[in-house]
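I have placed the structure first, in the form of structure tokens, so that the comments after it can refer back to it.
The values are calculated or read from the model by the stated rules, or taken from the named source; none is laboratory data. Treat the numbers as computed from the prediction; the structure is a model and nothing was measured. Note that each Cβ is placed from the backbone with ideal geometry, even for glycine, and that neighbours are counted across all protein chains shown. Calculation scope for accessible area: heavy atoms of the full protein, side chains included, ligands and nucleic acids excluded. Shrake-Rupley method; radii C 1.70, N 1.55, O 1.52, S 1.80 Å.
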Amino acid sequence: MPESTIQFAWREPRTSAGFQAGVCLHGHTMHSQECLSFLPRYLHHVPGISQIVSYYERGPRRVDFARAWWTPPLTPASALRLERDQIASLGLRPMVSLTDHDDIEAGLALGITADPRDTPISVEWTVPYERTFFHLGVHNIPRHAARDWMDAMAEFTRAPREAALRTILNELTRDPDVLIVLNHPFWLEEGVVESDHRRALDRLLRECICWFDAFELNGTRRWKENAETIELARAHSRPVISGGDRHACEPSACINLTNAGSFAEFVAEIHAGRSSILFLPQYREPMAQRVLEASRDILRTYPEYPGRERWTDRIFYRGEDGEARTLAQIWQGREPWLPASAAAAVQLLGGIRLHPALRAFLSERGEMQP
């Protein structure tokens with residue numbers, strides 16, 4: 001039977017004692033494309049900004065947010081450094097698996113400058129299934145065939161066929177060093193109906209559970225959802241595993257602890273059903289606070305990244321001609337005052353800490369901790 005242990009750094013001192021390494025799984029870099037179709041639904045709850053969004057949704061120059069996406073600010077090297085520094089601060093040797101959406105360039109690049117035993121080639125694979133989408137963390141893809149595997153996964157995402165999904169999963173798991181994780185199983189893609197997703201999840205697990213090594217506890221999802229994932233994993237006799245799901249500059253809110261000497265040895269532990277998860281102090285922070293801080297990171301200026309310094313360099317829009325351009329290109333370097341004001345407001349709010357009384361209230365409601 002799987003042996004998953006879960007610890008919380010704010011409750012148990014010296015939680016890393018007895019372990020030699022920390023593993024960060026599920027982090028994003030500039031190579032991820034993050035759709036903005038969800039944005040209006042959230043921004044309509046923010047007074048002032050809601051009116052700006054309505055103007056662009058219904059105004060004379062209507063914006064289709066489904067055609068827009070943003071890319072996280074960090075390069076592969078800076079994302080690796082961020083996660084390594086946090087793990088090293090715990091007195092552990094770092095292993096970091098970066099998983100961009102449907103892209104393996106981060107792992108390929110880091111394999112040249114970092115030890116590939118600790119920085120595997122990995123991806124968060126988008127899997128269309130029935131009327132919903134699932135995300136699979138595919139870790140430690142064989143380096144010699146990584147591009148071929150990515151091509152096969154990308155082809156399935158473009159033109160999904162259930163038989164092809166089973167074939168890809170079966171072939172991947174023939175390699176004993178590959179790890180396949182069902183990421184945030186209850187997360188809903190924008191526009192997906194929850195009942196459709198639940199029905200598809202039941203079927204996916206009936207037909208594909210033999211190829212899934214673990215279910216993810218996600219560092220950016222509320223504990224109620226993670227608790228449901230624990231029950232799901234228990235029902236299917238699978239371990240749970242950490243997944244930071246970092247998109248901005250806050251390091252992963254949960255990691256795995258291990259005594260493995262390499263990522264491949266860590267994979268063997270998970271295959272054997274052994275997983276030790278540590279939730280870090282930032283997971284206790286109110287989700288609203290964390291989202292605002294991440295938004296500030298996404299929108300602020302990074303002079304150290306030439307060509308991607310401003311938020312307008314990192315947000316793209318696909319026009320009627322099918323061409324994708326940055327907002328900086330579309331606006332020719334001149335930011336309209338409405339979106340510029342909205343971005344400034346989000347950056348300001350992201351720098352304001354919640355009042356202690358509100359933090360305590362959220363804690364009592366169970367948002368911040370299990």
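Which residue, of Leu179, Leu165, Leu108, Leu172, is more than 26 Å from Leu36 (Cβ to Cβ) and in contact with a His (Cβ under 6 Å, 6 or more places away or on another chain)?
Working: Leu165 fails: in contact with a His (Cβ under 6 Å, 6 or more places away or on another chain); Leu108 fails: in contact with a His (Cβ under 6 Å, 6 or more places away or on another chain); Leu172 fails: in contact with a His (Cβ under 6 Å, 6 or more places away or on another chain).
Result: Leu179 is the single residue among Leu179, Leu165, Leu108, Leu172 that is more than 26 Å from Leu36 (Cβ to Cβ) and in contact with a His (Cβ under 6 Å, 6 or more places away or on another chain).
Taking the range 241-275 on its own, how many of its residues are among the hydroxyl-bearing types (Ser, Thr, Tyr), crowded, with 24+ Cβ neighbours inside 10 Å and more than 16 Å from the chain's Cα centre (by Cα)? So that I can check it myself, show each step before the final result.
Narrowing the range 241-275 to residues among the hydroxyl-bearing types (Ser, Thr, Tyr): 242, 252, 258, 262, 275.
Those left that are additionally crowded, with 24+ Cβ neighbours inside 10 Å: 242, 252, 275.
Add one more test, that the residue is more than 16 Å from the chain's Cα centre (by Cα), and what stays is 275.
Residues in the range 241-275 being among the hydroxyl-bearing types (Ser, Thr, Tyr), crowded, with 24+ Cβ neighbours inside 10 Å and more than 16 Å from the chain's Cα centre (by Cα): 1 in total.
Being of a type in the set (Asp, Glu), open to solvent by 50 Å² or more (accessible area, probe 1.4 Å) and either under 17 Å from the mean Cα position of the chain (by Cα) or at pLDDT below 95 (or both) is the filter here; which residues of the range 103-131 pass it?
Step one: filter the range 103-131 for residues of a type in the set (Asp, Glu), giving 103, 105, 115, 118, 124, 130.
So of that shortlist, the ones also open to solvent by 50 Å² or more (accessible area, probe 1.4 Å) come out as 105, 115, 130.
Those that are of a type in the set (Asp, Glu), open to solvent by 50 Å² or more (accessible area, probe 1.4 Å) and either under 17 Å from the mean Cα position of the chain (by Cα) or at pLDDT below 95 (or both): Glu105, Asp115.
Considering only residues that are acidic (Asp, Glu) and either touching a residue at least 60 places away in the same chain (Cβ under 8 Å) or surrounded by 14 or more Cβ atoms within 10 Å (Cβ to Cβ) (or both), which ones fall in the range 149-166?
Scanning the range 149-166 gives a single hit, Glu162.
Test of understanding: among Ala200, Ala146, which residue is touching a residue at least 60 places away in the same chain (Cβ under 8 Å), open to solvent by less than 20 Å² (accessible area, probe 1.4 Å) and farther than 22 Å from Ser4 by Cα? Explain how you work it out, then say what you get.
Details: Ala146 fails: touching a residue at least 60 places away in the same chain (Cβ under 8 Å).
That would be Ala200, the only listed residue that is touching a residue at least 60 places away in the same chain (Cβ under 8 Å), open to solvent by less than 20 Å² (accessible area, probe 1.4 Å) and farther than 22 Å from Ser4 by Cα.
Every residue in the range 312-354 that is touching a residue at least 60 places away in the same chain (Cβ under 8 Å) and assigned to a helix (DSSP H, G or I), please.
Across the range 312-354, the qualifying residues are Leu338, Pro339, Ser341, Ala342, Ala345, Val346.
Is it true that some residue in the range 1-13 is assigned to a loop (DSSP other than H, G, I, E, B), at pLDDT 70 or above and more than 28 Å from Asn183 (Cα to Cα)? Don't jump to the end; show me each part of the working.
First, pick out the residues of the range 1-13 that are assigned to a loop (DSSP other than H, G, I, E, B): 1-2, 9-13.
Narrowing the set further to residues that are at pLDDT 70 or above leaves 2, 9-13.
Within this subset, residues satisfying the condition of being more than 28 Å from Asn183 (Cα to Cα) are 13.
Scanning the range 1-13 turns up at least one residue that is assigned to a loop (DSSP other than H, G, I, E, B), at pLDDT 70 or above and more than 28 Å from Asn183 (Cα to Cα).
Only one of (1) on the phi > 0 side of the Ramachandran plot; (2) crowded, with 18+ Cβ neighbours inside 10 Å fails for Arg284. Which number is that?
Arg284 satisfies all of (1) on the phi > 0 side of the Ramachandran plot; (2) crowded, with 18+ Cβ neighbours inside 10 Å except (1).
For residues that are of a type in the set (S, T, N, Q) and closer than 20 Å to Asp64 by Cα, tally how many sit in the range 289-340.
Summing the residues that are of a type in the set (S, T, N, Q) and closer than 20 Å to Asp64 by Cα in the range 289-340 gives 4.
Criterion first (at pLDDT 90 or above and not hydroxyl-bearing (Ser, Thr, Tyr)) does Arg93 satisfy it?
Details: at pLDDT 90 or above: yes; not hydroxyl-bearing (Ser, Thr, Tyr): yes.
Yes; evaluated as a whole, the condition is true for this residue.
From Glu309, Glu216, which residue is part of a loop (DSSP other than H, G, I, E, B) and either surrounded by fewer than 18 Cβ atoms within 10 Å (Cβ to Cβ) or of a type outside the set (Ser, Thr, Tyr) (or both)? Give the derivation first.
Values: Glu216 fails: part of a loop (DSSP other than H, G, I, E, B).
Going through Glu309, Glu216 in turn, the sole match is Glu309.
What's the number of the condition Glu304 fails, among (1) outside any loop (DSSP other than H, G, I, E, B); (2) open to solvent by 30 Å² or more (accessible area, probe 1.4 Å)?
Failed condition: (1).
How about the range 176-188: which of its residues are touching a strand residue (DSSP E or B) at 6+ places or on another chain (Cβ under 6 Å) and surrounded by fewer than 16 Cβ atoms within 10 Å (Cβ to Cβ)?
Within the range 176-188, no residue meets the criteria.
Restricting to the range 162-196, count the residues that are among the polar types (S, T, N, Q) and under 18 Å from Ala146 (Cα atoms).
In the first step, residues of the range 162-196 are kept if they are among the polar types (S, T, N, Q); the result is 167, 170, 173, 183, 195.
Still in the list and also under 18 Å from Ala146 (Cα atoms): 167, 170, 173.
So the answer is 3.
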